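The values are calculated or read from the model by the stated rules, or taken from the named source; none is laboratory data. Computed from a prediction, not measured in an experiment: that's the story for all the values here. Quick reminder, even Gly has a Cβ in these numbers, built from the backbone with ideal geometry, and neighbours come from all protein chains shown.
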Amino acid sequence: MRVLALDTSTEALSVALSVDGHCRSFDEAGGPRASQRLLPLCAELLRTAGLQFADLDLIGMGAGPGAFTGLRTAASAAQGLAYALHLPVARVDTLMAQAETAFALLHSDGTVLPDPVQAEPDTVVLVANDARMGELYWELFRAQTSGWQSLHRPTVQRPEHAVLAWAEVLADLPEHLETGVLPRLLACGNAWSEHADALSAAFASHASDNPRLFALNRAV
């Protein structure tokens with residue numbers, strides 16, 4: 001299967017092409033230029049694989065939560081390609097894709113964090129992105145061999161309220177209730193730098209500012 005995936009819901013513009021499970025991607029700064037750069041970047045990516053838009057089987061898009069303008073850019077491009085090529089569109093939770101990317105990077109070589117961290121099954125991944133106006137988007141996931149389990153729906157909150165919600169969700173996990181021990185926690189997303197002063201040191205210590213964590217569509 002040949003899948004073209006695109007995401008402009010964060011500060012990054014990310015496109016990826018998966019051909020029978022083999023993936024290649026392009027990532028660059030998003031923002032106001034995303035609407036002009038998205039389709040040319042997709043075409044360039046296809047050329048590197050010797051393919052054309054007509055060779056695709058599926059369009060994937062990051063469906064947020066994220067910036068409205070960015071979501072509209074990706075949705076418009078995905079819809080236009082789908083109608084023109086008569087292809088289905090798969091909507092992907094942006095935060096889940098980000099968790100998958102962080103999980104894979106940390107699990108593969110351990111180079112993202114100063115101390116190598118292996119993301120084992122049942123690891124909890126906390127994704128938090130800046131939502132502007134003093135708020136952040138967040139979602140908690142548990143890594144499982146069969147995929148991802150969402151532990152809390154995507155939410156937008158002020159950082160101080162989010163920290164309380166995270167503590168409550170983690171405290172209610174079965175393993176914590178049974179043993180009193182919290183599971184290993186990994187964190188990713190740009191909220192850790194954008195809201196560093198507002199986030200507690202206990203949570204911020206798990207975060208990474210590595211920009212590769214924003215290249216979402218390698219996970220789609």
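Taken as a whole, segment 193-201 holds at least one residue that is modelled with pLDDT under 70, assigned to a loop (DSSP other than H, G, I, E, B) and farther than 20 Å from A102 by Cα. The requirement of being part of a helix (DSSP H, G or I), without any contact (Cβ under 8 Å) to a residue 60 or more places away in the chain and either at positive phi or hydroxyl-bearing (S, T, Y) (or both) is fulfilled nowhere in segment 152-162; no residue meets it. When you scan segment 101-116, do you find a residue that is assigned to a helix (DSSP H, G or I) and modelled with pLDDT of 90 or more, even just one? No, that holds for no residue.
Taking segment 54-75 as the range and being buried (at least 21 other Cβ atoms within 10 Å of the Cβ) and part of a helix (DSSP H, G or I) as the test, the residues that pass are G70, T73, A74. In segment 36-83, which residues are among the charged types (D, E, K, R) and without any contact (Cβ under 8 Å) to a residue 12 or more places away in the chain? Passing the criteria: R47, R72.
Residue by residue, here is whether (1) loosely packed, with under 13 Cβ neighbours inside 10 Å; (2) not small (G, A, S) holds:
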| position | (1), (2) |
| --- | --- |
| M133 | yes, yes |
| Y137 | no, yes |
| Q144 | yes, yes |
| R158 | no, yes |
| E168 | yes, yes |
| A171 | yes, no |
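Applying the criterion of being surrounded by fewer than 20 Cβ atoms within 10 Å (Cβ to Cβ) and in contact with a strand residue (DSSP E or B) (Cβ under 7 Å, 6 or more places away or on another chain) to the residues of segment 12-28, the residue that is farthest from L95 (Cα to Cα) is V19.
Return yes when L51 is out of contact with any Ser or Thr (no Cβ under 7 Å at 6 or more places or on another chain), closer than 15 Å to V89 by Cα and either crowded, with 18+ Cβ neighbours inside 10 Å or modelled with pLDDT of 90 or more (or both) and no when it is not.
No.
In the condition set (1) under 30 Å from Q149 (Cβ atoms); (2) buried (at least 16 other Cβ atoms within 10 Å of the Cβ), L45 is compliant with all but (1). Flag set for L81, criterion: buried (at least 19 other Cβ atoms within 10 Å of the Cβ), modelled with pLDDT of 95 or more, out of contact with any Leu (no Cβ under 6 Å at 6 or more places or on another chain) and not in a strand (DSSP E or B).
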